[in-house]
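Everything below concerns the one structure shown next.
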Amino acid sequence: MYFTSKCIIEAMYVHASDSKLTEEGSAKFFVKGNGDSVIQEKGCLNDREINNKIQAFIKDNYQSMYDKWQEYSKEGSYIGK
């Protein structure tokens, strides 16, 4: 999971990839204020990886992820619940 400095102008989201750290082929998840996430792009990941691993990880760690996001963005915010 990662975000780039280009990401911080939108609501908080993260990329997830099982290979290269590039947007091509990666999944994109917008994070809500309660830790739920909405997938915008599936990338090359399968449903099991998305549902069981990545979205669960986001839910368990969204606050620390948001704290890191805030270090880079004055606009850092969650999308609506």
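The values are calculated or read from the model by the stated rules, or taken from the named source; none is laboratory data. It should be emphasised that the depicted structure is a prediction, and the values quoted were computed from it without experimental measurement. In this analysis, Cβ positions are derived from the backbone assuming ideal geometry, glycine residues included, and neighbour counts consider all displayed protein chains.
Quick look at the numbers
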{"item": "Criterion violated by Asn46 - all others in (1) within 11 Å of Met1 (Cβ to Cβ); (2) over 10 Å from the mean Cα position of the chain (by Cα) satisfied", "result": "(1)"}
{"item": "Selection within region 55-79 - at pLDDT below 80 and under 20 Å from Ser17 (Cα atoms)", "result": "Trp69"}
